[in-house]
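Notes for the one structure printed next.
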Amino acid sequence: MKLPAPSSLFLDYASQKGPVVTHFDQIGQFVAFPALLAANGRVSSFEGYVNGMGRKFVSGGCHYLESHETDAEAAYSEEGFCFSVNDSVPLQLIDLFSLALAIPSFFREIGDPSMEDLQRVRDREKPAGYGFFRKDPREPLLVRSELAYPLCPKREEAALYFTGMALDAIWSHELSHAFMGHLDFGVRHYGIRAMNELPDGNAELKNMPLEAEADRFSAQAIVSGCFQRTPYLPKSLEGLSVQSRLKAAMVTAALLTWFWAYLQRIDRTIDGYDPYETGGHPPPLERLHLAFEADRQYLQALGWGTRSIQTLTFEAMAELEHLAKAKDWFSILHPERAFSEKGQSFHKDLQEIMAHQFKEFYGDLDLFRYRPKKS
């Protein structure tokens, strides 16, 4: 697949953040490039869908920015939509999922978990996903070191699969800002040319419903990929059941909420937490609830029964519990906390707040939607 070149306006926009690249070192060979292929495939699908309805979709392209920043964004120009992820993100994600798969109780159906040593995980001092861990990009991608990568070769490859799925989720979140009309709307009404994954303190709070909508879209996008072979699925895992892939999608969405929370350095608890202090994105726990809710609704639309959906949800929660018990960094993901009565109440309250905001500008936003109008 030929990847589209970035527009000149986007190059101008991104010039201060680093050069635009499509592949780099071993990350590009194993993770970034396959995820980039998947992302650009989604762009083509969206463009074909919209243009088939007789509504012009401004062309779009996905690119990596070569820098040490950790960010993802969608930008608008008259030449097209541009979606970028900084190249530090794959490095941090491969470390995060390698650590998770080094936990013997995590996804026991993959490889030989008896080869793993839980103590290596517990000895890990630096939080996964917090920064670069390889000293040199020429170092091997998967290294059995103090970083607690899986000892089982198949689980080692599974870390690539989870990382690819996470990158797919990030791309899909940014793509949805264009597909759902958020960027066009933002440019026309707020003068916002780009929407960032890591907003600063000046982020527009009114964007929160848009970010929540993008989260739901992203969660459903990677669930849809579980029913087919994605570019980032290693051959050794092609026999992984659809049930396990769906469970992996739900767990990946949950771990991404943890990942962004650490990078934003924000309070991930519910007690005394003002969700409006951190900019335009919903709080991490709310993002987790949004993802799980979106996944269940998607499967329901596919004809899955309530019992099957509940079974899958409980299996995903069990994996989160394994993470929380193995390493205290992940304690916020423990179902007893994340899906507690208090957590559910917080989710309901915030949904009502966002729904109120959404109603205020929905009439204007609907003009930019790339979807069929209801008759």
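The values are calculated or read from the model by the stated rules, or taken from the named source; none is laboratory data. This one's a predicted model, so the numbers in the text were calculated from it and none came from an experiment. Glycine gets a Cβ as well: all are built from the backbone with ideal geometry, and neighbour counts include every protein chain shown.
Inspect region 70-81 for any residue being under 17 Å from the mean Cα position of the chain (by Cα) and of a type in the set (Asp, Glu) and give the result as yes or no.
There is at least one residue in region 70-81 that is under 17 Å from the mean Cα position of the chain (by Cα) and of a type in the set (Asp, Glu).
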Legend entry - His189, sole failed condition from (1) under 30 Å from Phe361 (Cβ atoms); (2) buried (at least 16 other Cβ atoms within 10 Å of the Cβ); (3) modelled with pLDDT under 90; (4) in contact with an Asp or Glu (Cβ under 9 Å, 6 or more places away or on another chain): (2)
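If you scan region 52-70, which residues turn out to be closer than 15 Å to Val89 by Cβ and either of a type outside the set (Ser, Thr, Tyr) or not in a loop (DSSP other than H, G, I, E, B) (or both)?
Those that are closer than 15 Å to Val89 by Cβ and either of a type outside the set (Ser, Thr, Tyr) or not in a loop (DSSP other than H, G, I, E, B) (or both): Cys62, His63, Tyr64, Leu65, Glu66, His68, Glu69.
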Legend entry - region 226-241 residues that are farther than 17 Å from Ala32 by Cα and touching a residue at least 60 places away in the same chain (Cβ under 8 Å), paired with ones that are part of a helix (DSSP H, G or I) and among the basic types (Lys, Arg) (beta carbon under 7 Å, 6 or more apart): Ser236/Lys154
Inset, instruction - Report, by residue number, each residue of region 277-319 that is more than 22 Å from Lys342 (Cα to Cα) and touching a helix residue (DSSP H, G or I) at 6+ places or on another chain (Cβ under 7 Å). - result: Gly280, Tyr298, Leu299, Gln300, Ile309, Leu312
Legend entry - Matching residues, region 290-325, being under 25 Å from Leu101 (Cβ atoms) and of a type in the set (Phe, Trp, Tyr): Phe292, Phe314
Inset, instruction - Output the residues belonging to region 259-283 that are in a loop (DSSP other than H, G, I, E, B) and either among the aliphatic types (A, V, I, L, M) or at pLDDT 85 or above (or both). - result: Ile266, Ile270
Legend entry - Selection from region 162-195 of residues that are small (Gly, Ala, Ser), within 23 Å of Arg55 (Cα to Cα) and not in a loop (DSSP other than H, G, I, E, B): Ser172, Ser176, Ala178, Gly186, Ala194
Inset, instruction - Six or more apart or on different chains, Cβ under 9 Å: which pairs go from a residue in region 326-347 that's under 22 Å from Ala294 (Cβ atoms) and among the basic types (Lys, Arg) to one that's modelled with pLDDT of 85 or more and in a helix (DSSP H, G or I)? Could you list them? - result: Arg337/Ala324; Arg337/Ser331
Legend entry - Verdict on Tyr49 being among the hydroxyl-bearing types (Ser, Thr, Tyr), part of a helix (DSSP H, G or I) and at pLDDT below 80: no
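One line per residue, one yes/no per condition, for (1) at pLDDT below 80; (2) more than 30 Å from Val43 (Cα to Cα):
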site: Asp123; (1), (2): no, yes
site: Lys135; (1), (2): yes, yes
site: Pro140; (1), (2): yes, yes
site: Arg155; (1), (2): no, yes
site: Ala169; (1), (2): no, no
Inset, instruction - Under 9 Å between Cβ atoms, at least 6 apart or on separate chains: pull out the pairs that start in region 96-112 with a residue that is on the phi > 0 side of the Ramachandran plot and end on any residue that is of a type in the set (Asp, Glu) and outside any loop (DSSP other than H, G, I, E, B). - result: Phe107/Glu319; Gly111/Glu156; Gly111/Glu157
Legend entry - Spans of helices (runs of 4 or more DSSP H) in region 284-368 with at least 2 residues buried (at least 17 other Cβ atoms within 10 Å of the Cβ) and modelled with pLDDT of 95 or more: 284-301, 306-326
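Can you name every residue in region 90-121 that is in a helix (DSSP H, G or I), under 21 Å from Ala169 (Cβ atoms) and not aromatic (Phe, Trp, Tyr)?
Result: Pro90, Leu91, Gln92, Leu93, Ile94, Asp95, Leu96, Ser98, Leu99, Ala100, Leu101.
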